[in-house]
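Computed from the coordinates by the stated procedures, all read-outs in this text should not be read as laboratory data. Source: prediction; values computed, not measured. When we count neighbours, we look across all protein chains shown, and the Cβ atoms used for this are built from the backbone with ideal geometry, even at glycine.
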Amino acid sequence: QKEVEQNSGPLSVPEGAIASLNCTYSDRGSQSFFWYRQYSGKSPELIMSIYSNGDKEDGRFTAQLNKASQYVSLLIRDSQPSDSATYLCAVSGSARQLTFGSGTQLTVLP
Amino acid sequence: EAQVTQNPRYLITVTGKKLTVTCSQNMNHEYMSWYRQDPGLGLRQIYYSMNVEVTDKGDVPEGYKVSRKEKRNFPLILESPSPNQTSLYFCASSPYPGQSIYGYTFGSGTRLTVV
């Protein structure tokens, strides 16, 4: 079992819709969770971090964390074509290293 | 500007010819790390460093070497590159590793092709 798993996609949503990206992790000792956005050929860019159960909102982005279910998600409201990218989930486990999922490719259709 | 600088951005080399990819950060970060990214496999950690003179293996260290003689620099060395090391490489840094409010800052990447 992979330590961090993401729905592999690709995921397509129409412009203005809500995009939902999901991630599960195996290490129950994990305490820090991150979402990165990566445009094709570019480096990952940190867009959200979350540490406590519940929701965290930042503009059009909402991260959701459920430690009991070992589940973290990212919602993108009012999706724009510029949101088209690969989204990487990263989890800081008990070894204090960031482990990344393989990413979900999102396409927002105009 | 706070950044992680990698060089070169693109490199084509031949099997067995030693090469070094440089990484430098200007943020006085304690932690630095190297990743490779391959299609379908995501980011896999090669080596990391908690501080000067402290380095440790990540998930895929075979065929690579690193050193951390200065806080700002963390070069990746391929002593005898092979075609299976063809990949996109990223250097990353963080004020503190893992459990912190900080994520990682990534360099722009180095696309390496070994023929």
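Would you pick out the residues in the stretch A:4-20 that are of a type in the set (S, T, N, Q) and either touching a Phe, Trp or Tyr at 6+ places or on another chain (Cβ under 9 Å) or under 18 Å from B:GLY103 (Cα atoms) (or both)?
The answer is A:GLN6, and nothing else.
Might you check whether a residue that is away from chain A (no Cβ under 14 Å), outside any loop (DSSP other than H, G, I, E, B), of a type in the set (A, V, I, L, M, F, W, C) and touching a residue at least 40 places away in the same chain (Cβ under 8 Å) occurs anywhere in the stretch B:30-51?
No, that holds for no residue.
Matching residues to (1) under 15 Å from the mean Cα position of the chain (by Cα); (2) closer than 20 Å to B:TYR104 by Cα:
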site: A:ASN22; (1), (2): yes, no
site: A:TYR39; (1), (2): yes, yes
site: A:ASP58; (1), (2): yes, yes
site: A:ALA68; (1), (2): no, no
site: A:VAL72; (1), (2): yes, yes
site: A:SER102; (1), (2): yes, yes
site: A:VAL108; (1), (2): no, no
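If we scan the stretch B:60-79, do we find a residue that is part of a strand (DSSP E or B) and among the hydroxyl-bearing types (Ser, Thr, Tyr)?
No: the stretch B:60-79 contains no residue that is part of a strand (DSSP E or B) and among the hydroxyl-bearing types (Ser, Thr, Tyr).
Are any residues in the stretch A:66-90 closer than 20 Å to A:LEU11 by Cβ and hydrophobic (A, V, I, L, M, F, W, C), and if so, which ones? Lay out the reasoning, then the answer.
Step one: of the stretch A:66-90, the residues closer than 20 Å to A:LEU11 by Cβ are A:71-90.
Passing the criteria: A:VAL72, A:LEU74, A:LEU75, A:ILE76, A:ALA85, A:LEU88, A:CYS89, A:ALA90.
This table checks each residue for (1) in contact (Cβ under 8 Å) with a residue 60 or more places away in the chain; (2) within 14 Å of chain B (Cβ to nearest Cβ); (3) within 23 Å of B:ASP59 (Cα to Cα).
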| site | (1), (2), (3) |
| --- | --- |
| A:LEU11 | yes, no, no |
| A:SER20 | no, no, no |
| A:ASP27 | yes, yes, yes |
| A:TRP35 | no, yes, yes |
| A:ALA63 | no, yes, no |
| A:SER73 | no, no, no |
| A:ARG77 | no, no, no |
| A:SER84 | no, no, no |
| A:CYS89 | yes, yes, yes |
